[in-house]
1. For segment 454-529, what ratio Rg/Rh do Cα atoms give with a Kirkwood hydrodynamic radius?
2. Which value results when the Cα radius of gyration for segment 623-687 is divided by 2.2 N^0.38 Å?
3. Take the Cα atoms of segment 357-413, find their three principal axes, and give me the spread along each one in whole Å, biggest first.
4. Starting with the highest mean, order 14-24, 133-143 by the number of other Cβ atoms within 10 Å, averaged over the residues of each peptide.
5. Just the number, please: Stokes-Einstein D of segment 325-459 in µm²/s, Kirkwood Rh from C-alpha pairs, 25 °C, 0.890 mPa s.
6. What percent do you get for the relative contact order of the chain when only Cα pairs under 8 Å and 6+ apart count?
7. Ranking request for peptides 60-68, 441-449, 539-547: highest mean number of other beta-carbon atoms within 10 Å first, then the rest in descending order.
8. Exceeding 25 Å between C-alpha atoms, which entries from my cross-link table qualify? They are K3/K38; K31/K433; K359/K403; K403/K683; K564/K623; K359/K521.
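The numbers here are math on the coordinates, done by the rules we state, and not lab data. Since the structure is predicted, the reported quantities are computational estimates derived from the model, not experimental observations. Every residue, glycine among them, receives a Cβ derived from its backbone with ideal geometry; neighbour counts consider all protein chains shown.
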Amino acid sequence: MKKHTVCRLCSSCCPVEVEIIDNKLVSATRKSFVDQEKRLRCPRLNRAADIVYSPNRLTKPLIREKNTSTFKEASWDEALDLVVARFNRYKNEFGAESVAWLRGMAADWGAPWDYANRLMNVYGSPNTIGNGSICFVAREMAHTYTYGSMAYPEAAKAKCILVWGKHDRDTTMGVGDAIEHALENGAKLIVVDPIKTLIAERADIWLQIKPGHDGLLAMAMINEIIINDLYDTDFVENFSTGFDELKEVAGGFPAERIAGRIWLEPGLIKEAARLYATTKPACIVDGNGLDMQLDIFDSTRAVAFLRGLTGNIDTEGGDVLPQPVAVRDIQAQDSLPTDVEPVTADYPLFNTFNATWGKQVQSCVVDSILDEKPYPLKMVVVQSGNPVVTMADSTRTTQGFKKLDFLVVIDMFMTRTAELADVILPACSCFEKTQLNRASIRNNPVILQDQVIDPIGDSWPDWQIVFELGRRLGFEKEFPWRTAEAAIDYQLEPAGITVEMLRKSPNGLRVEDIMYEKHRKNGFATPSTKFEFSSQTLQENGFPQVPYGDGFINNPISFSDQNKFYPIYGISGARNNRFTNSQFRAIPSLLDNESGCVVDIHPVDAEKMRVGNGDKVNIETPKGSIQMEAKISQIVHQGSIRIAWGWGDYNPDCNLNSLTDDDRRNPITGTPSQRSFMCRVTKVQDL
Ligand SMILES: Nc1nc2c(c(=O)[nH]1)N[C@H]1C(S)=C(S)[C@@H](COP(=O)(O)OP(=O)(O)OC[C@H]3O[C@@H](n4cnc5c(=O)[nH]c(N)nc54)[C@H](O)[C@@H]3O)O[C@H]1N2
Ligand SMILES: Nc1nc2c(c(=O)[nH]1)N[C@H]1C(S)=C(S)[C@@H](COP(=O)(O)OP(=O)(O)OC[C@H]3O[C@@H](n4cnc5c(=O)[nH]c(N)nc54)[C@H](O)[C@@H]3O)O[C@H]1N2
Ligand code: SF4
Ligand SMILES: [Mo]
């Protein structure tokens, strides 16, 4: 039997068709507007059955035996009662704010994020915290400050595609399909990436940017477009504000002066600016290459400016602004006492830029535990995340989680984070639960992630865990729902959509047709109702109103002030299409014949280091060291290395975040430099 759902084995939320035989998931296929044989293949989806039925799945709640490293199996009643007792104890002893709920990316950002917020808000803690400071939420804030929400590229219809720090063919297959389609139809391609990726190889112009220096390039492109009158005068005059201020600041970034600082030729920067500005429609596919950088907010705003400057915002084949469906805000923020600040209080603009994103600076959780500022957290619930290996500075993060009084982990597998827990609650996979994903809430059409098989063992869907905890904490009224369907129907009521209707439209329910150039009628959802090249809100809060208005930061990546000792640029990459972040290395069919756990070193550097293919090298920063096999490769620029991402759970010796630092952060979004940092490389036998 065929069933429809949405895959959530990574954050891309691809609609899929699943083959079920005897109530078992046998195979799954990604849906796409392109023909089956042309679709990009996703190895994780192809191995969905191996993931779902893995013998390593957690199938029973586990409680740590007192003062040991062993766990005993428990009933849900026993485990939940223990968790609830701790929730109550810390609230009585230290106030509800001493408990935090930390969410990784795996259980989605839509309704599951709202449920966790609702629970913590009615309990009285302001500390529901996501990992958006290093994933896309900081980027979303930069978009929002410019034109009111996050734009998405309509790549399939574009004539020019500017891919900026994204690698969709491995990470976001739906957009990957769209890019392939556009290229087949003759679209031009510009890629900004320090690595010669598969998509960079095919670009008309590849800008092999120096890691972490994207802001300089974006400003140089803006300047080039302005001084050559390549900008859209109608848009700039009628729909934007702050153009003159931008023009002045961008004037300080001429391509000739900037190029040498970012490993590029001035001619290539000019050519890219001209191609992007003069080929219409053009879209920008921006990605995680911009995230996890110290100047994420300014660099992403500068990239976002290109969209307005060239009149490509909200146009067909350009970057389109979403048309969200009307949903009920179920976070119950009104229940929170107003006099308790969250542990993320140092980042007020990020905490509040969106009505429901809330707090996203996960580093503050560790600050609070270790430095007891603004107060100490005593208990943390980690849901669908593995912070011990995915957050910056793993040594410090581990210290923090070890210092906690009580740690609860909700996960499908035993992880390095779960190993530190007092209670582990076994979660269902994406195929075992019905869920309203963020992709659906934030834009048309709404597509239901629908349960297609029964839960494995005694695992529970995340929604059930949260609702049941809520009820046991005494919030029966706030958590009346016994099914996911009832909760989703309640949340979608303002849109007039029900789960039943969604099931009848498995390819998605569109509540309104796509509309372009909505600003002509409504303006933009910014304080000025204009596309904001300069922001008064930022100025009022002590930040430059135009990106880099007070100069470009001197040392934009970690440890660049110590480059005598750490002379090599380390790049965190690559996302491998077999794995999602730290996940799936326990799945033999995905791990077998896998050769991705390597560090790419340029041949010239390798010779200097006397390193050959397959040699083990030690990579070191002031924070720690890891060891990996070397791969001699031309895909990196001389002077930089690319370190494989996501191996820290499988093998702590390869934990990239043992190298990264959390000491310096973006002042607005709290983002540390997890993507780029200076390091030293030595052959292991030379040590
Ligand atoms: N140096 C460096 N650091 C990075 C990154 C990088 O590229 N380089 N990437 C960053 C980014 S963008 C992100 S988003 C973070 C990711 O950080 P995390 O979200 O911590 O990463 P994952 O490894 O994906 O961990 C997800 C966990 O959720 C579990 N899980 C999967 N599905 C479900 C579910 O439905 N319910 C529950 N309860 N659990 C589930 C998985 O088993 C896994 O243990 O890492 C960040 N850290
Ligand atoms: N297979 C797979 N798919 C995934 C995930 C996964 O772990 N595996 N994770 C999911 C998650 S949580 C996310 S956030 C998305 C992320 O998806 P993407 O945004 O595609 O993220 P990455 O592949 O990490 O990085 C994109 C590109 O940025 C480049 N890059 C590195 N440093 C820089 C830099 O300084 N400047 C520029 N311009 N580019 C740079 C890298 O070389 C890489 O090609 O993918 C999601 N999908
Ligand atoms: S890219 Fe693959 S793993 Fe990610 S949601 Fe799509 S099908 Fe699933
Ligand atoms: Mo992410």
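1. Numbers: Rg = 18.5 Å, Rh = 16.0 Å.
Taking Rg over the Kirkwood Rh, I get 1.16.
2. Normalised by 2.2 N^0.38 Å, the Cα Rg of segment 623-687 equals 1.24.
3. 32, 28, 21
4. The packing order, highest mean first, is 133-143, 14-24.
5. It comes out at roughly 142 µm²/s.
6. 19 percent
7. On the way: 60-68: 14.3, 441-449: 21.7, 539-547: 16.4.
So the order, starting with the most tightly packed, is 441-449, 539-547, 60-68.
8. Values: K3/K38 22 Å; K31/K433 19 Å; K359/K403 22 Å; K403/K683 35 Å; K564/K623 16 Å; K359/K521 32 Å.
Flagged as over cut-off: K403/K683; K359/K521.
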